[in-house]
1. Taking a cut-off of 26 Å, what percent of all Cα-Cα pairs in region 255-398 are separated by more than that?
2. Describe numerically, in nm with one decimal, the distance between label points set 7 Å from Cα along Cα→Cβ at A62 and at R278.
3. Suppose the chain between H79 and R365 were pulled fully straight at 0.36 nm per residue; how much longer would it get relative to their current alpha carbon spacing?
4. Between V5 and D162, what is the FRET efficiency for a Förster distance of 51 Å, r being their Cβ-Cβ separation, to the nearest 0.05?
5. Per residue, how much space in cubic angstrom lies within the convex hull of the C-alpha atoms of region 210-252?
6. Run the quick spin-label model on H21 and E204: label points 7 Å from Cα toward the beta carbon, then report their separation in nm to one decimal.
7. Let me know the Kirkwood hydrodynamic radius for region 332-388, please, with Cα pairs as the basis and the value in Å to one decimal.
8. Quick one: if you take sqrt(5λ) for each eigenvalue of the C-alpha gyration tensor of region 250-323, what semi-axes come out, biggest first, whole angstrom?
Amino acid sequence: MAVSVTKLESGLTVVTDHMPHLETASVGVWVDTGARNERADQHGVSHLLEHMAFKGTQRRSARAIAEEIENVGGHLNAHTTHESTAYYARILKNDTPLAVDLISDILQHSVFEAGELERERGVVIQEIGQALDTPDDLVFDHLLEAAYPGQALGRTILGTVDTVKSFGREALQGYMDERYQAPRMVLAAAGGVDHDELVSLAQEGFAALPSGKGEAAEAAIFRGGERRETRDLEQAHVALAFEGPAYGDPDYYTAQIFASVLGGGMSSRLFQEVREKRGLCYSVFAYSWSFVDTGVLGVYAGTSPDDLAELMPVLAGEIARLGEDATEEETARAKAQMKAGLLMNLESSSTRAEQIARQYTIYGRVLPLDEMIAKVDAVDAASLRRFAGRFLSKAAPALAAVGPLEGAGGGLESYERLAARFA
């Protein structure tokens, strides 16, 4: 890796990883703001703003933006998370100046024309409808709502139909002025890129960015609880979670490996016990999500309502059992999977650009590969057992369920009974 970092006078940081064997490059701007930075009356504005970024600037129409990037065979896209918003392009390396020009134009000179805003508002409302029709995604929105009730982190990224309908041009421009400031932005690139050239392009192209920093996101507190939604579906979708570590927590890598041993692949405990041995579901897995100040560690399963009564005790039992008898063999297997994933990320310029941007935003530096590998190697079976003792009894779990929740044998058990299994 050949990582270079330069902070401009404005506060914008330029981070690159030169990959000399590539004829392509991935370049983008990652903004340190997302859904959890929104006030209740701004719910969904980050995502709508991301959509509107491609709908015209002071010198380019929406069509011109699309044509310019596609004229050179490039690809322009964006996405919003709870903690960041990204605007990025994949191009041939000689077209990096065009990509920077397009992204800088979008982030400083978008016009939010009324007709385009009305059309894109309709598109986002359709996206909300699609999410509501996708229960295996919806259950995770409900899970965060249960885990962080009444908090920004517990609200969806997309917003609601009512909030999205309420946003006019002033709301979008106001939020951009408030949150899209140079010190909150990282211009990251990986692939066939020259760092000094990118710094020069940034100094010229992003000169209009404001230099303030804005307010920090509301602190998140994991409280636990439940959210159930009975629906007429073929399957019941259930997600269970505990508070996990934040990005900077010493147990960040331990949590990733714990989730992998529990439900990260076909050799994992959940896959073998729940699917292979008992045939209780088609899809079952564990996950560990981290945020800057909190985290979520849990499991998901989709099953028939008649199997819910058997499934939940099995899930709870496997979680608890891993905290008692984790083995070195399965820990080593999960560590090998994680290290392979870290190395594979280095082979994709787009994945690498996002990785270095997010690492710099979170840690204030790009983590060396050998440091990450060393932290993975330091985890052993005793670490997993200690981790379980630290987190599984820390607070009440969060539970979310969508679908037919009653079935033979009693259906989905009460929250109180489930929580008592971990008391």
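1. Working: 3222 of 10296 pairs.
Value for region 255-398: 31 percent of Cα pairs lie more than 26 Å apart.
2. My value for the distance between the label points is 4.9 nm.
3. Going from the current span to full extension adds 100.7 nm.
4. Details: r = 42 Å, r/R0 = 0.83.
The value I calculate is 0.75.
5. Numbers: hull volume 8.2 nm³, N = 43.
Output value, Cα hull per residue: 191 Å³.
6. 3.2
7. Values: mean 1/r = 0.0797 Å⁻¹.
Result for region 332-388, one decimal place: 12.5 Å.
8. Values: eigenvalues 108, 31, 21 Å².
Gyration-tensor ellipsoid for region 250-323: 23, 12, 10 Å.
A short reminder: the numbers here are calculations on the coordinates, not readings from a lab. Keep in mind that what you see is a predicted model, and the values were worked out from it rather than measured. Glycine gets a Cβ as well: all are built from the backbone with ideal geometry, and neighbour counts include every protein chain shown.
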